[in-house]
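Worksheet: the structure to be examined is printed underneath.
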Amino acid sequence: MKLTILGCSGSIPSPTSPASGYLVESGSTRIVLDLGNGTLGAMQRSVDPFDVDALLLSHLHPDHCADFGALTVLRRYHPRPPYDPVTRPLPVHAPADAPERLAALYATSAAERADTDLSDVFEFFPLSAEPVRIGPFEVRAFPMAHVCPAWGFRVSAGGRVLAYTGDTGPCPQLVDLARNADVLLAEASWPDFPDAPDGLHLSGRQAAEVAKTAGARRLLLTHLQPWSDRDAVLGEASATFDGPAELVVPDGTYQV
């Protein structure tokens, strides 16, 4: 598997990175995990968005899904698409209320929202614990601990495993998500601090503890907020996890 970072800034885009978005490729199949602010533009440097085989949204905070509105415009109004998006809608695996929430994102008024149906160019599938097969990929979703319904994704292909936390605070499901993963792509929004809010985000230390307990082989840290101390986040992760740990960078590519 090949992982390309479309964006890795937490909560909002930073001056140097879009928000969360990740392209994962195996053979000729391409899936995208999350589509936050600015990621659709970054995606076009790596792949034609029409060539993406499925989109998976971990949750519906804007920094993980805001560019869905732009993707809707592209799929509906591109004058020369490589195929008819109406006869070949893009599969979207997302929380159950995604069709209504994303219609509200796209619509410009309450009246338009009532008439907005995104099923012309998308096919929605609600996330659950049941595994999903997308070409060579098997994707399992794990419920995470966040302030809204949120999921992590365990992506397997060719005998390799990528675990992606999405947004989450510490929770037991994280170890199951990351167990023996070749790569754990973990949010680490901030350096560790006393009285961090529950059910919101991980620190660098907490992400590393998950990687260590789960037996993950490599730790990639993402979703750092622009105001966070990057050196502190990486330092505490490296001090906790025995394997390789690094901060991902926009447009970076990583073999899983």
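Values computed for the structure shown
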item	result
Of all residues in the range 17-28 being open to solvent by 20 Å² or more (accessible area, probe 1.4 Å) and not in a loop (DSSP other than H, G, I, E, B), the one that is nearest to ARG101 (Cα to Cα)	GLU25
Hits in the range 147-177 (condition: crowded, with 20+ Cβ neighbours inside 10 Å, within 16 Å of the chain's Cα centre (by Cα) and outside any strand (DSSP E or B))	ALA150, THR165, GLY166, ASP167, THR168, LEU174, LEU177
Every residue from the range 57-68 that is in a helix (DSSP H, G or I) and either surrounded by 19 or more Cβ atoms within 10 Å (Cβ to Cβ) or of a type in the set (Val, Ile, Thr) (or both)	ASP63, HIS64, CYS65, PHE68
Filter pass, LEU6 being out of contact with any Ser or Thr (no Cβ under 9 Å at 6 or more places or on another chain), in contact (Cβ under 8 Å) with a residue 12 or more places away in the chain and of a type outside the set (Val, Ile, Thr)	no
Some residue of the range 37-56 being assigned to a loop (DSSP other than H, G, I, E, B), in contact with a strand residue (DSSP E or B) (Cβ under 7 Å, 6 or more places away or on another chain), buried (at least 21 other Cβ atoms within 10 Å of the Cβ) and at negative phi	no
Options ASP251, ASP192, ASP229: the member that is acidic (Asp, Glu), on the phi < 0 side of the Ramachandran plot and touching a Lys or Arg at 6+ places or on another chain (Cβ under 9 Å)	ASP192
Selection count, the range 221-240, where residues are surrounded by 23 or more Cβ atoms within 10 Å (Cβ to Cβ) and farther than 20 Å from ALA145 by Cα	2
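Condition check ((1) of a type in the set (Gly, Ala, Ser); (2) touching a Leu at 6+ places or on another chain (Cβ under 8 Å)) across all residues:
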| site | (1), (2) |
| --- | --- |
| PRO197 | no, no |
| GLN206 | no, no |
| ARG217 | no, no |
| HIS223 | no, no |
| ASP229 | no, no |
| SER238 | yes, no |
| GLY243 | yes, yes |
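The values are calculated or read from the model by the stated rules, or taken from the named source; none is laboratory data. For clarity, every value in this text was computed on a predicted model and none was experimentally measured. Note: ideal-geometry Cβ built from the backbone for every residue, glycine included; neighbour counts use all protein chains shown. Surface accessibility is based on the protein's heavy atoms, side chains included, excluding ligands, DNA and RNA. Shrake-Rupley method; radii C 1.70, N 1.55, O 1.52, S 1.80 Å.
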